[in-house]
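The values are calculated or read from the model by the stated rules, or taken from the named source; none is laboratory data. Note that this is a predicted model, so its numbers are computed, not measured. Cβ coordinates were reconstructed from backbone atoms using ideal geometry, including for glycine residues, and neighbour counts include every protein chain displayed. For accessibility, only protein heavy atoms count, side chains too; no ligands or nucleic acids. Shrake-Rupley method; radii C 1.70, N 1.55, O 1.52, S 1.80 Å.
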Amino acid sequence: MAGILERTGTPVDRAVYVGLESIDKIHQGFDGDEHDHDPLMALGDHGSEADRGDLSAILIGLQSRGAAVSVQRTINQHDHEALTAIMPGVVLLEVWQMMSMVERILMIVSGFVVVVGLFSMLIILMTSLNERRREMAILRSVGARPAHVFLLIMGEAVFLTLSAIGLGVVLVYGLLILVQPWLESLFGLYVVIGWLSSTELMLLMIIALCGFIVGLIPGIRIYRYSLADGMTIRV
């Protein structure tokens, strides 16, 4: 029986599955044809044939989960054969723990990037205040209230923060759409592109709140500038 299994979007799609009898026939070779060659013949010492009928791996299911550790220790301590027992669940757990550590490291790096971006925005706004004091003073002289000037600076800070968040989301989804077919064709990894999770939305809201708080600093400072101070010509 031969066929092509339905695609799962996982590395399983890149594997070839054959029956145990087929593997045994490959190890045994074929009789009657001098051109037939056993690919495992070279594993023997000095041209002799390799041991026949051996299995490279077997999957064992136990009725008692508590016996898994003792069975693993018994197999690993076997003296007559070089055997190794591996519990797939434990190995997968270790892999996911390692991946979670990498994820935390990336989260910390992302946090530093956000902090640097917020400080950069604060520095830009604070630097531009001295150059815009006369501009704000003129606005107040034509009827703008201090609250209007304050909201103007706050709106600029919020706009920059929301624009950065939107641009980041668009870049992430665009990159995923471009990389998805490449990863699937080259590595057999299918990356699912879904909506933002509740955790991610909460993080974005926290970043937006931080941008609002950062905008308060230049907003309060420009709010305190008096009309006379803004209109005074300094040499």
Unique residue being in a helix (DSSP H, G or I) and either out of contact with any strand residue (DSSP E or B) (no Cβ under 8 Å at 6 or more places or on another chain) or among the small types (Gly, Ala, Ser) (or both) when the list is 168, 143: 168
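Looking only at the stretch 152-176, count how many residues are within 15 Å of residue 224 (Cβ to Cβ) and surrounded by fewer than 15 Cβ atoms within 10 Å (Cβ to Cβ). Give the steps one after another, and end with the answer.
Quick first cut of the stretch 152-176, residues within 15 Å of residue 224 (Cβ to Cβ) only: 152-154.
Among the residues that remain, those that are also surrounded by fewer than 15 Cβ atoms within 10 Å (Cβ to Cβ) are: none.
The number of residues fulfilling the criteria is 0.
Residues in the stretch 84-107: is at least one among the polar types (S, T, N, Q) and at pLDDT below 80?
Here is the first cut: in the stretch 84-107, the ones among the polar types (S, T, N, Q) are 84, 97, 100.
Imposing the further condition that a residue be at pLDDT below 80 reduces the set to none.
Checked against the condition, which is being among the polar types (S, T, N, Q) and at pLDDT below 80, the stretch 84-107 yields no hits at all.
Of everything in the stretch 79-99 that's assigned to a loop (DSSP other than H, G, I, E, B) and open to solvent by less than 100 Å² (accessible area, probe 1.4 Å), which residue is nearest to residue 68 (Cα to Cα)? Talk me through it step by step, then tell me what you get.
First, pick out the residues of the stretch 79-99 that are assigned to a loop (DSSP other than H, G, I, E, B): 79-87.
Right, trim to open to solvent by less than 100 Å² (accessible area, probe 1.4 Å) and you get 83, 85, 87.
Working: 83: 15, 85: 10, 87: 8 Å.
Checked the stretch 79-99; the qualifying residue nearest to residue 68 (Cα to Cα) is 87.
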Which of the numbered conditions does residue 126 fail, given that it passes all the others? Conditions: (1) more than 23 Å from the chain's Cα centre (by Cα); (2) part of a helix (DSSP H, G or I); (3) over 30 Å from residue 150 (Cβ atoms). (3)
Reported set for the stretch 175-208 where residues are under 15 Å from the mean Cα position of the chain (by Cα) and either among the basic types (Lys, Arg) or assigned to a helix (DSSP H, G or I) (or both) is 175, 176, 177, 179, 180, 183, 199, 200
Counting only residues in the stretch 136-150 that are surrounded by fewer than 15 Cβ atoms within 10 Å (Cβ to Cβ) and not small (Gly, Ala, Ser), the one farthest from residue 214 (Cα to Cα) is identified as 142
Filtered residue count, the stretch 114-127, keeping only those that are out of contact with any Leu (no Cβ under 6 Å at 6 or more places or on another chain) and surrounded by 15 or more Cβ atoms within 10 Å (Cβ to Cβ): 5
